[in-house]
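The values are calculated or read from the model by the stated rules, or taken from the named source; none is laboratory data. Since this is a predicted model, take the numbers as computed values, not measurements. Neighbour counts run over all protein chains shown; Cβ positions are idealised from the backbone, glycine included. The protein model used for the area step is the full one, side chains on, heavy atoms only, and it has no ligands, DNA or RNA in it. Shrake-Rupley method; radii C 1.70, N 1.55, O 1.52, S 1.80 Å.
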Amino acid sequence: MITKKRVLVACGTSIATATVAANRVKQIADEAGIAVEVIQCKVGEIRGRVQTTHPHLIVAMTPVPSDLGVPVVMGIPFLSGIGIDNVKQQILNYLKEG
Amino acid sequence: MIWVKEDFVFIGIEACSAGEAISFLSRSLYQAGYVKDTFEEAVLKREEEYPTGLPTVGYGVAIPHTDAEHVLKPTIAVGVLKKPVVFKEMGYPDSTVNVSLVCVLALEKSGYVDLLSKFVEAIQDRDFLNRVCTEKDRSKIAMLLNAKLSAVQKEEVK
């Protein structure tokens with residue numbers, strides 16, 4: 001059985017920007033044929049959400065604590081368009097691991 | 001849905017700070033009854049905590065917004081600044097972006113995803129951004145943005 005990779009997408013107070021990023025992460029994974037489950041959260045809830053969802057990767061739209069024990073990729077390029085290929089590659093590298 | 005109304009497009013805004021630009025646009029929305037009186041302060045506060053400056057190609061763009069509870073009718077207020085103002089960069093509060101285009105998003109929970117995705121695609125297009133930031137006719141700016149927002153929707157359908 002294939003285990004889905006879990007990606008936690010975190011943003012500020014609202015879920016607006018995380019939603020945009022979450023959609024892109026799904027797209028990227030789909031195109032690469034990787035099964036993912038994308039979960040969104042507010043940065044304030046991130047510790048609890050990491051514990052409950054055990055993500056393989058965090059995509060952050062705002063700074064997150066550095067001691068979460070999960071790799072973090074900054075997802076701002078999904079909004080600005082600058083450095084978007086680099087972010088895609090980073091995300092794919094993490095999703096292909098393990 | 002017409003997202004960008006000509007009434008909420010302002011060209012050549014003379015703002016000295018990000019806060020001034022945000023307040024100006026927020027007040028125009030409040031005066032027209034699109035947002036609650038709590039909107040302006042909520043947007044300013046959120047911007048301080050979670051900045052929205054984006055280092056897009058050519059012109060910096062900021063997308064200040066806040067929670068849906070402060071919004072009465074969803075819309076977008078657009079301000080093209082006479083001179084860029086400094087916004088903190090989204091995700092990197094120690095960096096700044098010189099922003100020329102401020103788009104205050106007054107959005108309800110539903111429709112956020114769709115609209116934001118479309119909006120973000122639009123501002124990532126260098127030529128498009130250049131046209132919006134140099135256009136002198138507010139109705140044309142509204143038209144440009146609305147066309148872009150609906151165009152993406154059509155692509156999704158097919």
Residue satisfying all of: in region B:108-130; more than 10 Å from every other protein chain (Cβ to nearest Cβ) and part of a loop (DSSP other than H, G, I, E, B); surrounded by the fewest Cβ atoms within 10 Å (Cβ to Cβ) among these: B:S110
On the basis of being open to solvent by less than 20 Å² (accessible area, probe 1.4 Å), among the hydrophobic types (A, V, I, L, M, F, W, C), touching a helix residue (DSSP H, G or I) at 6+ places or on another chain (Cβ under 6 Å) and without any contact (Cβ under 8 Å) to a residue 60 or more places away in the chain, does B:L101 make the cut? yes
Being open to solvent by less than 30 Å² (accessible area, probe 1.4 Å) and under 10 Å from the mean Cα position of the chain (by Cα) is the filter here; which residues of region A:25-35 pass it? A:V25
Can we say A:G48 is open to solvent by 20 Å² or more (accessible area, probe 1.4 Å) and within 12 Å of another protein chain (Cβ to nearest Cβ)? no
Filter pass, B:A77 being crowded, with 18+ Cβ neighbours inside 10 Å, of a type outside the set (V, I, T) and away from chain A (no Cβ under 13 Å): yes
Being without any contact (Cβ under 8 Å) to a residue 12 or more places away in the chain and at negative phi narrows it down to one residue among B:Y34, B:Y59, B:Y50, B:Y30; which is it? B:Y30
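Let's see how each residue does on (1) open to solvent by 50 Å² or more (accessible area, probe 1.4 Å); (2) within 14 Å of another protein chain (Cβ to nearest Cβ); (3) among the β-branched types (V, I, T):
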position: B:I13; (1), (2), (3): no, no, yes
position: B:A18; (1), (2), (3): no, no, no
position: B:F24; (1), (2), (3): yes, no, no
position: B:K36; (1), (2), (3): yes, no, no
position: B:E41; (1), (2), (3): yes, yes, no
position: B:L44; (1), (2), (3): yes, yes, no
position: B:G53; (1), (2), (3): no, yes, no
position: B:G58; (1), (2), (3): yes, yes, no
position: B:I63; (1), (2), (3): no, yes, yes
For residues in region A:65-94 being crowded, with 21+ Cβ neighbours inside 10 Å and either part of a helix (DSSP H, G or I) or in contact (Cβ under 8 Å) with a residue 24 or more places away in the chain (or both), which is farthest from the chain's Cα centre (by Cα)? A:S80
Does B:E49 meet the test of being of a type outside the set (V, I, T), away from chain A (no Cβ under 14 Å) and open to solvent by 10 Å² or more (accessible area, probe 1.4 Å)? no
